[in-house]
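Engineer: For reference, the structure I am asking about is given below.
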Amino acid sequence: MNHVFTASRQVEPVVGMGATMCAWTARHAATIVKVTKAQVHVRQDIATRIDTNGMSEMQTYAYEPDPNAPVIVFRKTKRGYRSKCGYGLLIGVRREYYDFTF
């Protein structure tokens with residue numbers, strides 16, 4: 001499902017906007033720090049879990065930017081923005097999700 005989201009039509013990226021880095025099943029909240037014609041640069045946010053649901057799919061997080069996190073570069077492709085490590089990027093939405101089944 002993550003790759004379907006990242007391949008769909010998205011809003012134009014803007015510095016400071018939230019984003020979600022999508023792996024196979026996990027998602028990582030991020031903040032856009034640089035935008036060029038063909039690339040979007042992001043830093044992973046600090047995501048703190050604030051619910052008490054334990055090992056469940058119902059997860060709620062609080063987010064804050066991490067200025068010390070490494071910058072990850074996503075290149076614009078026909079299927080959306082992709083990183084070298086295979087992540088897709090969902091722009092304009094900041095979400096964290098940990099898949100406990102892996």
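Engineer: Taking interchain pairs and intrachain pairs at least six residues apart, which have beta carbon atoms under 6 angstrom, with the first residue in segment 38-55 and under 15 Å from Tyr81 (Cα atoms) and modelled with pLDDT of 95 or more and the second among the aromatic types (Phe, Trp, Tyr) and buried (at least 16 other Cβ atoms within 10 Å of the Cβ)?
Structural biologist: Val40/Phe74; Val40/Tyr81
Engineer: What are the residues in segment 75-87 that are assigned to a loop (DSSP other than H, G, I, E, B) and surrounded by 14 or more Cβ atoms within 10 Å (Cβ to Cβ), if any? Spell out the reasoning first.
Structural biologist: Keep residues of segment 75-87 that are assigned to a loop (DSSP other than H, G, I, E, B), which gives 78-79, 84-87.
The one that is assigned to a loop (DSSP other than H, G, I, E, B) and surrounded by 14 or more Cβ atoms within 10 Å (Cβ to Cβ): Tyr87.
Engineer: Can you name every residue in segment 64-89 that is touching a residue at least 60 places away in the same chain (Cβ under 8 Å) and either out of contact with any Lys or Arg (no Cβ under 8 Å at 6 or more places or on another chain) or of a type in the set (Gly, Ala, Ser) (or both)?
Structural biologist: Arg79, Gly80, Ser83, Gly86, Tyr87, Gly88
Engineer: For segment 38-74: of the residues being of a type in the set (D, E, K, R) and assigned to a strand (DSSP E or B), which is nearest to Gln10 (Cα to Cα)?
Structural biologist: Residues of segment 38-74 that are of a type in the set (D, E, K, R), as a first pass: 43, 45, 49, 51, 57, 64, 66.
So of that shortlist, the ones also assigned to a strand (DSSP E or B) come out as 43, 49, 64.
Working: Arg43: 19, Arg49: 27, Glu64: 23 Å.
Step by step, filter segment 38-74, then rank; the result is Arg43.
Engineer: Shifting gears a bit: Could you tell me whether any residue of segment 34-47 is farther than 15 Å from Gly16 by Cα and β-branched (Val, Ile, Thr)?
Structural biologist: No, because not a single residue in segment 34-47 is farther than 15 Å from Gly16 by Cα and β-branched (Val, Ile, Thr).
Engineer: Mind listing whichever residues of segment 53-96 are of a type in the set (Phe, Trp, Tyr) and touching an Asp or Glu at 6+ places or on another chain (Cβ under 8 Å)?
Structural biologist: Here is the first cut: in segment 53-96, the residues of a type in the set (Phe, Trp, Tyr) are 61, 63, 74, 81, 87.
Selection gives Tyr61, Tyr63.
Engineer: Moving on. Of everything in segment 75-102, what is under 15 Å from Glu12 (Cα atoms) and of a type in the set (A, V, I, L, M, F, W, C)? Give them in sequence order.
Structural biologist: Those that are under 15 Å from Glu12 (Cα atoms) and of a type in the set (A, V, I, L, M, F, W, C): Leu89, Leu90, Ile91, Val93.
Engineer: Now for a separate question. Residue pairs, Cβ under 6 Å, 6 or more apart or interchain, first in segment 20-33 and closer than 18 Å to Arg75 by Cβ, second open to solvent by less than 10 Å² (accessible area, probe 1.4 Å) and among the hydroxyl-bearing types (Ser, Thr, Tyr). List them.
Structural biologist: Going by the 6 Å Cβ cut-off, the qualifying pairs are Cys22/Thr6.
Engineer: Looking at segment 19-37 only, could you name the residues that are open to solvent by 70 Å² or more (accessible area, probe 1.4 Å) and either modelled with pLDDT of 95 or more or outside any loop (DSSP other than H, G, I, E, B) (or both)?
Structural biologist: The one that is open to solvent by 70 Å² or more (accessible area, probe 1.4 Å) and either modelled with pLDDT of 95 or more or outside any loop (DSSP other than H, G, I, E, B) (or both): Lys34.
Engineer: Find the residue count for segment 56-70, including only residues that are farther than 24 Å from Ser83 by Cα and among the hydrophobic types (A, V, I, L, M, F, W, C).
Structural biologist: Here the count works out to 2.
The values are calculated or read from the model by the stated rules, or taken from the named source; none is laboratory data. Predicted, not measured: the structure shown is a model, and the values here were computed from it. A quick note on method: Cβ atoms are made from the backbone with ideal geometry, for glycine too, and the neighbour counts reach across all protein chains shown. Keep in mind that these areas ignore ligands, DNA and RNA; they rest on the heavy atoms of the full protein, side chains included. Shrake-Rupley method; radii C 1.70, N 1.55, O 1.52, S 1.80 Å.
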